[in-house]
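Some notes on the structure that comes next.
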Amino acid sequence: MKLEVSSEKHLVYVEEIRNEMEDSAKKRGTGIAKRSSEYLGKKISEGNAIIAIDEDGTWAGFCYIETWTNGEYVANSGLIVSPQFRNAGLATLIKERIFELSREKYPNAKIFGLTTGLAVMKINSSLGYKPVIYSELTQDEQFWNGCKNCVNYEILMMKERKNCLCTAMLFVPEKVNMNKEKDFESINNDNE
């Protein structure tokens, strides 16, 4: 099994990936937001995805990077593993690699995800993500518009984007955390 940073040579897998995302969401009854073939193709062409390819050239898994608020926030989205490759740890390997790629491309970005899946929550926790409330995520309208295709969108809007069925998880780089601590330190010093 090879995990590859995507390029144009991987565009041949777009329809399989899109179809599996849609089928998986239907079977599980979960809120995976639908993405068009064009959107996934753009992520692949830009090198903003990780694709797992079996030795025989079969597509095995996929995840892509989205950026929000001028690169301040990054989401690792669309994690999907082809059914014949599930329950073998591939999702963990893909998440680890897309996390590394995100850190390489956007070292100061806060990385977040929304998920209803316990397995993804466990993987995210092992990478240093923490559960957060939705107000800690990007407030970029384009991000929230991406939720419109989710089966749970009405719930999100009824709750005024404060919560939904997904758990929000956030990784904050140490450098960003240190800056926050310095801000608090200066506030405390100013009050003395």
* Structure fact -> Per the list (1) part of a loop (DSSP other than H, G, I, E, B); (2) of a type in the set (A, V, I, L, M); (3) crowded, with 16+ Cβ neighbours inside 10 Å, residue check on Leu165 breaks on (3)
* Structure fact -> Of the residues in region 65-96 that are assigned to a helix (DSSP H, G or I) and in contact with a helix residue (DSSP H, G or I) (Cβ under 6 Å, 6 or more places away or on another chain), the one that is farthest from Gly146 (Cα to Cα) is Thr92
* Scan region 124-160 for residues that are crowded, with 16+ Cβ neighbours inside 10 Å, over 18 Å from Pro173 (Cβ atoms), hydrophobic (A, V, I, L, M, F, W, C) and in contact (Cβ under 8 Å) with a residue 24 or more places away in the chain and jot them down. => Phe143, Cys147, Cys150
* Being surrounded by 15 or more Cβ atoms within 10 Å (Cβ to Cβ), modelled with pLDDT of 95 or more and part of a strand (DSSP E or B) narrows it down to one of Phe62, Phe99, so name that one. => Phe62
* Assuming Ile80 fulfils every condition listed in (1) among the aliphatic types (A, V, I, L, M); (2) under 19 Å from Arg35 (Cβ atoms); (3) modelled with pLDDT of 95 or more apart from one, which condition is it? -> (3)
* Select from region 19-54 the residues that are among the charged types (D, E, K, R) and modelled with pLDDT of 95 or more and write down the one among them that is nearest to the chain's Cα centre (by Cα). => Lys43
* To do: Kindly establish whether Thr116 is in contact (Cβ under 8 Å) with a residue 60 or more places away in the chain and over 28 Å from Ser7 (Cα atoms).
  => yes
* Can you spot a residue in region 63-86 that is of a type in the set (Lys, Arg) and over 21 Å from Tyr153 (Cα atoms)? -> yes
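The values are calculated or read from the model by the stated rules, or taken from the named source; none is laboratory data. Because the structure is a prediction, the values reported are computed rather than measured. Backbone-built Cβ (ideal geometry, glycine too); neighbour counts: all protein chains shown.
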